[in-house]
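The values are calculated or read from the model by the stated rules, or taken from the named source; none is laboratory data. Here the structure is a predicted model, which is why all the values come from computation and not from measurement. Don't worry about glycine lacking a Cβ; one is built from the backbone with ideal geometry, like all the others, and counts go over all protein chains shown. Remember, those area values only see protein heavy atoms, side chains included, never the ligands or the DNA or RNA. Shrake-Rupley method; radii C 1.70, N 1.55, O 1.52, S 1.80 Å.
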Amino acid sequence: MMSTVNSNNEENNGEDMSITTPSTSSLSSVAANHASQRQPGNAPLGSGLEARGIHAWFGKHHALENVSLDFAAGTVTALIGPSGCGKSTFIRTLNRMHEFIPSAAMAGEVLLDGKDIYEAGTDVTKIRLQIGMVFQKPNPFPSMTIGQNVLSGLKLAQIKSPKNNDDLLEECLTRAGLWTEVKDRLDAHAGGLSGGQQQRLCIARSLAVNPKVLLMDEPCSALDPGSTLRIEDTIGQLAQTMTIIIVTHNMQQAARVSDYTAFFLSDGGPGQMIEVGPTNEMFSRPKDQRTENYVSGRFG
Amino acid sequence: MSMSSLLILTLIGLFLSVRGFQAFQTQGLGFITKVDWTAGVDGGKDSFGLGAMIIGTLVISAIALVIGVPLSVLTALFLTFYAPERIKKALVTLVDLMASFPSILFGLWGFIVLMPMAEYWAKLIHKYVGWIPLFKMPSPAYTRSPFIAGVVLAIMIIPIVTSVSREIFGQTPLDRIQAAYALGATRWAMIKAVVLPFGASGVVGGAMLGLGRALGETVAVYSVLNIVFKVNFQVLYGFGGNIASMIVGKWGEASLSESKALLAAGFVLFVMTLLVNLLANFIVRRTVKTGK
Ligand SMILES: Nc1ncnc2c1ncn2[C@@H]1O[C@H](COP(=O)(O)OP(=O)(O)O)[C@@H](O)[C@H]1O
Ligand SMILES: [Mg+2]
């Protein structure tokens, strides 16, 4: 009970801090700066992901209609839109987590390096190793220590890392921006960490299995503004080596971390992808009136 | 526990301890520690030692737990994480129904169906691990052993242990389950990493409830076990007994002093069962509340 209440508070605080009546022009200038800092010369690693004609249903409820999106290797794409428009549903079709919900169904293709992850005979567990996921609410394993949490993916998927465990531990925690804070208490239980630290621990845990794509569903919405900034830093670092797709309800966050932004909307019917483009263009001169309305804060 | 059941429990406890008091008085601590139970003939001295039957009770119950708990946990995991929706309801009903079968049915089934099978398993166990003292056989008397009684009790406690485990497993936080799957876990790997650590103390509580039932079981044990009031640690060997079956077996022809001793034995069993059940309730309730 307590933790739910806390996280709600944190969520509200986060929104208060971040939504300072976003004006189109200020957002686009942030995005433009960010985009210019990125160095296209550094050939990014990771893999491209292509969603083609994705539909999703919950029972009879058609939640997502015909969404196609390309995620180029080594880019950060933000998915924005009012709540209930299908962002989470969409991102969960990208690593086949959608199918865990009883009654859930989907149609369409998701190509990882050109190969459909829904193809018959595909080993789902292998797919999820390549396409990692960070959830809205930090969810470390409470029965494990900090170190065990980071390495849990290796055990869960019964794989071996080419590196030795200590090196891997340090590397993942460093990349997730948590190493200096926890290096002296790797044997402590994860429950003792703050919400923001737990979320970075979850990021480190995803990194240990060396995914090519990382999906993040509102990873900061349960965190205070300080932790949010740290995670945004982390995302910037990670984008050098993998493809990142992040759902966020915070448009300034989208502007700060992403190269591309896709706008989702539901007009009462199934959610649709309205428009996608380079983040600075999406915020400065969107093509669709509905995008314009949303990014300038007229609804949502 | 409601007031009325508390009252009834207290009255039973009082009745047993008052009526059995004489036995405690004459036998002292030996009533629990001594292992021979002989009524003095023609004014001779009584020697009532419950030790052998206390040991028998614990041995049979331990066998029931060792066999019953893993089966229950697997059943609960199957029902929670593997069974298709359609057959799940039917299976749950079946397991719950099993809990309400009268124990004589288990006894008869154990005698007619299980005994021949269990005899075969007993021979296998003896053949491969017979060098362990627990599984030694002084002579090939495989029928009606504590092992077979334990197997029958194992089947009897499966419903309660399964239903408590199932309840706990069903409460595993979804976000942890998803975290495991998102890391490429198979279902079984997810269960080992998330569900079992989460549900462990609940399973212990369920096992204690099962133990509470196994400790006091009379009819089923009486129908399959070759009742002999002696210590028997060789669980495959065909004799043994427990407190409840001794009370039933001796009651009919007991002298006045022996019947008092049997009531005292009833009191001992009462206390054992009560303690185990209280502990079980405590564990289960704490687990359900804190969800840890
Ligand atoms: N588990 C579920 N069962 C049934 N309907 C769901 C479930 N999850 C989401 N939905 C529905 O699907 C639609 C899209 O939800 P979601 O993807 O969570 O939106 P968003 O993440 O953009 O807020 C909503 O109408 C929501 O009610
Ligand atoms: Mg969502």
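For the range B:93-158, which chymotrypsin sites (Phe, Trp or Tyr not before Pro) pass both filters: DSSP loop (anything but H, G, I, E, B) and at most 10 other C-beta atoms within 10 Å? The qualifying sites are B:W131. Counting only protein heavy atoms, probe 1.4 Å: which residues of the range A:108-125 lose 20 Å² or more of accessible surface in the full assembly compared with their chain by itself? Buried by 20 Å² or more upon assembly, which counts only protein chains, are A:T125.
Leaving ligands and nucleic acids out of the surface, order A:L215, B:L14 by accessible area at 1.4 Å, largest first.
Details: A:L215 0, B:L14 95 Å².
Of A:L215, B:L14, the descending order of accessible area is B:L14, A:L215.
Solvent exposure of B:S17, expressed as accessible area, is near 30 Å², computed with a probe of 1.4 Å over the protein chains only. Rounded to the nearest 20 debye, the dipole magnitude of the range A:24-295 is 320 debye, with +1 charges on Lys and Arg beta carbons, -1 on Asp and Glu beta carbons, and the Cα centre as origin. Counting only protein heavy atoms, probe 1.4 Å: which residues of the range A:153-167 lose 40 Å² or more of accessible surface in the full assembly compared with their chain by itself? Residues meeting the cut-off: A:L156. Here the calculated FRET efficiency for B:T10 and B:L58, from their Cβ-Cβ distance with R0 = 25 Å, stands at 0.45, rounded to the nearest 0.05.
Checking an interface number: how much accessible area is buried between B and A, summed over both chains, with a 1.4 Å probe, in Å² rounded to 100?
The contact between A and B buries close to 1600 Å².
Shape summary: chain B maps onto an equivalent ellipsoid whose semi-axes, from the alpha-carbon gyration tensor, are 38, 24, 16 Å in decreasing order.
With a 1.4 Å probe rolled over the protein heavy atoms of all chains, the accessible area of B:R176, A:R200, A:R52 falls in the order A:R52, B:R176, A:R200, largest first.
As a test of the formula, what do you get for chain B when each DSSP H run with n ≥ 4 contributes -39,500 (n - 2.57) and the sum is divided by the residue count, at 222 nm and rounded to the nearest 500 deg cm²/dmol?
Values: 13 runs with 201 residues, N = 292.
One gets -22500 deg cm²/dmol as the mean residue ellipticity at 222 nm.
The listed residues A:F100, B:F15, once ranked by accessible area (1.4 Å probe) with the largest placed first, stand as B:F15, A:F100.
Which net charge results for the neighbourhood of A:G271, defined as the other residues with beta-carbon distances under 10 angstrom from its beta-carbon, given Lys and Arg at +1 and Asp and Glu at -1?
Numbers: positive: A:K87; negative: A:E65, A:D267.
Net local charge, A:G271 excluded: -1.
Assuming R0 = 45 Å, can you tell me the calculated FRET efficiency for the pair B:Y120 and A:Q240, based on Cβ-Cβ distance, to the nearest 0.05?
Given R0 = 45 Å and the Cβ-Cβ separation, E is 0.10.
Considering only protein heavy atoms and a 1.4 Å probe, what is the carbon-and-sulfur percentage of the accessible area of the range A:24-295? Walk me through the numbers before you get to the answer.
On the way: 5490 of 11020 Å².
Roughly 50 percent of what the probe reaches on the range A:24-295 is carbon or sulfur.
For A:D217, the solvent-accessible surface with a 1.4 Å probe is about 10 Å², rounded to the nearest 10.
Run the accessible area of the range B:185-292 with a 1.4 Å probe and give the carbon-and-sulfur part as a rounded percent. Spell out each step's value before the answer.
Working: 2980 of 4510 Å².
That fraction is 66 percent.
Full extension of the chain segment joining B:L74 with B:V248 gains 59.2 nm, where the gain is 0.36 nm per residue of separation less the Cα-Cα distance. Excluding ligands, DNA and RNA, the accessible surface per residue across the protein assembly as shown is 46 Å² with a 1.4 Å probe.
Counting DSSP beta bridges in the range A:24-295, what percent are antiparallel, to the nearest 5? Walk me through the intermediate numbers first.
Numbers: 24 of 42 bridges.
In the range A:24-295, approximately 55 percent of DSSP beta bridges are antiparallel ones.
Averaging the sequence gap over all C-alpha pairs within less than 8 Å and six or more residues apart, then dividing by the number of residues, gives chain B a relative contact order of 29 percent.
Please compare each pair in B:K230/B:K250; B:K88/B:K192; A:K87/A:K137; B:K34/B:K230; A:K115/A:K155 to a cut-off of 19 Å on the Cα-Cα distance and tell me which ones are over it. Don't skip to the end; give the middle numbers.
Working: B:K230/B:K250 14 Å; B:K88/B:K192 22 Å; A:K87/A:K137 16 Å; B:K34/B:K230 11 Å; A:K115/A:K155 26 Å.
In this structure, B:K88/B:K192; A:K115/A:K155 exceed 19 Å between Cα atoms.
Using a cut-off of 14 Å between beta-carbons, work out the net charge of the residues near A:L79 (Lys and Arg +1, Asp and Glu -1, A:L79 not included).
Details: positive: A:K87, A:R92; negative: A:D70, A:D217, A:E218, A:D259, A:E275.
Value of the local net charge: -3.
Apply 1/(1 + (r/R0)^6) to the Cβ-Cβ distance of A:Q289 and B:K192, taking R0 = 60 Å, and write down the FRET efficiency to the nearest 0.05. Intermediate results must be reported in sequence, preceding the final value.
On the way: r = 53 Å, r/R0 = 0.88.
For R0 = 60 Å, the calculated efficiency reads 0.70.
Residue by residue along B:171-179, Cβ atoms of other protein chains within 10 Å of the local Cβ number 4 on average.
Rounded to the nearest angstrom and ordered from largest down, what semi-axes does the equivalent ellipsoid of the range A:24-295 get from its C-alpha gyration tensor (root of 5λ)? Walk me through the numbers on the way to the answer.
Working: eigenvalues 169, 103, 60 Å².
They are 29, 23, 17 Å, listed from largest to smallest.
Taking the three principal axes of the alpha carbon atoms in the range A:77-166, the coordinate ranges are 41, 32, 29 Å, sorted in descending order. Helix B:256-290 and the long axis of chain B differ in direction by around 20°, with both axes built from C-alpha atoms. How would you classify the protein assembly as shown from its alpha-carbon gyration tensor, with a ≥ b ≥ c the square roots of the eigenvalues: rounded for a/c under 1.5, else prolate if a/b is greater than b/c, otherwise oblate? Judged from the Cα gyration tensor, the protein assembly as shown comes out prolate (a/c at least 1.5, a/b above b/c).
Close amide H contacts of A:A262 (hydrogens built in the peptide plane, cut-off under 5 Å, sequence separation of 5 or more or a different chain): A:A78, A:L79, A:I80.
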